[in-house]
Amino acid sequence: MLVFWLITLFRDREVINIDSIIKSLEDIFKKLPPLPANAVATLFKITPWLAIIFGILGLIGALAAFGIFTVFAPFAIVGRYSNYGLGLISTIGLAVSSLMMIVAFPSLKAGKMAGWNLLFWSEIISIGSSLLSISVGTILGAVIGLYILFQIKPKYK
C-alpha cells in the first residue's frame, strides 16, 4: 500500500535535484557573516572528532530512548497518549542521524566531500525529526550546525 502511494505520488513529478538543494542553502548561508579563517581551519580539524563523539553519544541516547519507549508503551496505550509515535519517529531520526555521523568519520578525517555530504544529510534528518516533534531548541541548534557546515565546506575536496 505504501509503495503504491509513493509511486503515484512521484509518478508525474520532477525528481528533486539534491545538488540544487545544497546550492540553495549554500546561497542563503553565504549571505551571513563568514567565520575567521583560523576558526574555519580549527573547525575543519576537529569536525571528524566531533562527528564520531556525538555520533556515538547520539546512538547511545537513541538506544536508551528505544528502551524507555518499550517500557512505557503499555502505559501510553492505557493512558490513551496520542503523540507517542512522534517520540518514536524522533528517536529513529536520532539513530539514523547518529549513524550517519559515525559513517562520515573516515571521509571527514581524509578531507573528502563525501564526509561533508553525510554530515549535511545528518543535519537535514535531525531537522526533519525535530520538526515532527516540534523541538525548537534542536531546530535552532541544527540551523547553527548548518551555518558552521557551510563555512567549512570549501575545505573539503
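The values are calculated or read from the model by the stated rules, or taken from the named source; none is laboratory data. Owing to the predicted nature of the structure, the values given are computational and were not obtained by experimental measurement. Every residue, glycine among them, receives a Cβ derived from its backbone with ideal geometry; neighbour counts consider all protein chains shown.
Give Ile77, Ile68, Ile125 a once-over and let me know the one that is of a type in the set (A, V, I, L, M, F, W, C), out of contact with any Cys (no Cβ under 8 Å at 6 or more places or on another chain) and at pLDDT 85 or above. If you could, list the steps in order and put the result at the bottom.
Values: Ile77 fails: at pLDDT 85 or above; Ile68 fails: at pLDDT 85 or above.
Criteria check complete, one pass: Ile125.
Any residue at all in the range 131-142 that's at pLDDT 90 or above and surrounded by fewer than 20 Cβ atoms within 10 Å (Cβ to Cβ)?
Checked against the condition, which is being at pLDDT 90 or above and surrounded by fewer than 20 Cβ atoms within 10 Å (Cβ to Cβ), the range 131-142 yields no hits at all.
In the range 22-42, is there at least one residue being within 20 Å of the chain's Cα centre (by Cα) and at pLDDT below 80?
no
Please count how many residues of the range 16-38 are touching a residue at least 12 places away in the same chain (Cβ under 8 Å) and over 19 Å from Met101 (Cα atoms). Spell out how you get there, then give the answer.
Filtering the range 16-38 for residues touching a residue at least 12 places away in the same chain (Cβ under 8 Å) gives 22, 25-26, 29-30, 32, 34-35.
Now drop any that are not over 19 Å from Met101 (Cα atoms), which leaves 25-26, 29-30, 32, 34-35.
Of the residues in that region, 7 qualify.
Answer yes or no as to whether Leu108 is touching a Phe, Trp or Tyr at 6+ places or on another chain (Cβ under 8 Å), on the phi < 0 side of the Ramachandran plot and either acidic (Asp, Glu) or modelled with pLDDT of 90 or more (or both).
yes
If you go through the range 126-140 one residue at a time, how many are free of Cβ contacts under 8 Å to residues at least 24 places away in the same chain and under 24 Å from Ala114 (Cβ atoms)? So that I can check it myself, show each step before the final result.
Let us first name the residues in the range 126-140 that are free of Cβ contacts under 8 Å to residues at least 24 places away in the same chain, namely 127, 131, 134, 136-140.
Filter once more, keeping what is under 24 Å from Ala114 (Cβ atoms): 127.
So the answer is 1.
Can you tell me which residues in the range 87-115 are buried (at least 22 other Cβ atoms within 10 Å of the Cβ) and farther than 20 Å from Gly137 by Cβ?
Scanning the range 87-115 gives Met100, Ala104, Leu108, Gly115.
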